[in-house]
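Asker: Supplied in structure tokens, the structure appears directly below.
The values are calculated or read from the model by the stated rules, or taken from the named source; none is laboratory data. Since we're looking at a predicted model, the values are computed, not measured. Reconstructed Cβ throughout: ideal geometry from the backbone, glycine too, with neighbour counts over all protein chains shown.
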Amino acid sequence: MNGSPSKSDLEGIAAKSREIRRHVLRMVHCSGSSHVGSALSVADILSALYFRKMKFDPDDDSKPSRDRFIMSKGHAASALYATLSLAGFFPEKELDSYCQNGSMLEGHVNRKVPGVEVSTGSLGHGLSIGSGMAYAARKDGEELQVYVLLGDGECNEGSVWEAAMLSSRLGLDNLVAIVDSNKLQAYESSETVFPQKRLVEMWRSAGWSAREVNGHDIGELCEAFDSLPFEKGKPSLVFANTEKGSGISYMEGQLCWHYRCPDKQELKKALEELG
Ligand SMILES: Cc1ncc(C[n+]2csc(CCOP(=O)(O)OP(=O)(O)O)c2C)c(N)n1
């Protein structure tokens, strides 16, 4: 997209984020499943990508020129499915089947869903796959971007750093990693495991060009995505400061919402907060 987003563009994208959050809450509640906090923290990142930045055709999800998106933190599947349905890949009604027997919408991201590039869920693999896609696109002369969304806890996986080093060595400036830095993992804070300030430095040491943004500020996200690649010849890192459970007051920053599922009253309160 050309030019800075207008005020009404930004409002439109923010409205999509709210729709994603509403869907996520209902899907997780109705299926009695988990990872609601992990899905809510990426809603704004997904809407800035899908409703502003990425080029794709929901009627043909294998067009060679499409941008690629990989949800490497595959347990945030509900947010990706909600986004894909809002982007027109399949009817929103289908979201009602999330995590039900026989549904294509499984609890971890599944390739059989229209618009999904790669099945994920075992953390630490998305960036390697994305590097391969970016390398192949360059060889094929395709002008496309590959976006990989990772969790901050996921960055504890050694395989992430192997892929980070290789892609900088290959000068893959069509590759973008986005770290959803929501400060919490499954059982503890990310800071307890590794000092988070050093994470951005590590990406830079590995040869990436990095920027920090507020991952819930649509304007900042769009500005960063519109400036890609940050440096010619280097892969780009968007380090998005987010909050787990973002958008719902009683979930924000609360570790329990990694696994807990909102009951009927909690769902009602959450939907009221979203308006
Ligand atoms: C290889 C692997 N190990 C462990 C898990 C179990 N697991 C699922 S989510 C999660 C925490 C991930 O934390 P983070 O990347 O910070 O994502 P968040 O849920 O905070 O968004 C873990 C350990 C997994 N899915 N894959």
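Asker: So which of Ala270, Ala206, Ala186 is under 21 Å from the mean Cα position of the chain (by Cα), in contact (Cβ under 8 Å) with a residue 12 or more places away in the chain and on the phi < 0 side of the Ramachandran plot?
Answerer: After ruling out the rest, the residue left standing is Ala186.
Asker: On to the next question. For the subset of region 140-172 comprising residues that are charged (D, E, K, R) and within 16 Å of the ligand (Cβ to nearest atom), which member is surrounded by the fewest Cβ atoms within 10 Å (Cβ to Cβ)?
Answerer: Glu162
Asker: Restrict the check to region 173-190 and report whether at least one residue is under 21 Å from Asp67 (Cα atoms), surrounded by fewer than 17 Cβ atoms within 10 Å (Cβ to Cβ) and of a type outside the set (Asp, Glu).
Answerer: no
Asker: Here's another thing I want to ask about it. What residue, of Asp67, Asp9, Asp44, is charged (D, E, K, R) and either surrounded by fewer than 18 Cβ atoms within 10 Å (Cβ to Cβ) or more than 18 Å from Val176 (Cβ to Cβ) (or both)?
Answerer: Asp9
Asker: Another one. Taking only pairs six or more apart or across chains, which ones have beta-carbon atoms under 6 Å, a first residue in region 105-133 that is within 19 Å of Pro91 (Cβ to Cβ), and a second residue that is at pLDDT 95 or above and among the aromatic types (Phe, Trp, Tyr)?
Answerer: Leu105/Tyr81; Leu105/Tyr98; Pro114/Phe89; Pro114/Phe90; Gly115/Phe89
Asker: When the residues of region 31-41 are narrowed to those that are hydroxyl-bearing (Ser, Thr, Tyr) and crowded, with 24+ Cβ neighbours inside 10 Å, which ends up nearest to the ligand (Cβ to nearest atom)?
Answerer: Ser38
Asker: Can you find even one residue in region 218-235 that is at pLDDT 95 or above and within 16 Å of the ligand (Cβ to nearest atom)?
Answerer: no
Asker: A follow-up question, please. Considering only residues of region 51-83 that are among the hydroxyl-bearing types (Ser, Thr, Tyr) and more than 25 Å from Ser41 (Cβ to Cβ), which is farthest from the ligand (Cβ to nearest atom)?
Answerer: Ser65
Asker: Looking at region 122-138, can you tell me whether even one residue there is part of a loop (DSSP other than H, G, I, E, B), within 16 Å of the ligand (Cβ to nearest atom) and of a type in the set (Ser, Thr, Tyr)?
Answerer: Yes, that holds for at least one residue.
Asker: Here's a follow-up. Name the residues in region 256-275 that are closer than 21 Å to Cys155 by Cβ, in contact with a Ser or Thr (Cβ under 8 Å, 6 or more places away or on another chain) and assigned to a helix (DSSP H, G or I), would you?
Answerer: His258
Asker: Can you name every residue in region 238-266 that is surrounded by fewer than 17 Cβ atoms within 10 Å (Cβ to Cβ) and away from the ligand (no atom under 16 Å from the Cβ)?
Answerer: Result: Ser249, Tyr250, Asp263, Lys264, Gln265.
Asker: Of all residues in region 138-155, which are without any contact (Cβ under 8 Å) to a residue 60 or more places away in the chain and more than 15 Å from the chain's Cα centre (by Cα)?
Answerer: Residues satisfying the conditions are Arg138, Lys139, Gly141.
Asker: For Leu170, only one of the following conditions fails: (1) among the aliphatic types (A, V, I, L, M); (2) in contact (Cβ under 8 Å) with a residue 24 or more places away in the chain; (3) under 27 Å from Ala15 (Cα atoms). What is its number?
Answerer: (3)
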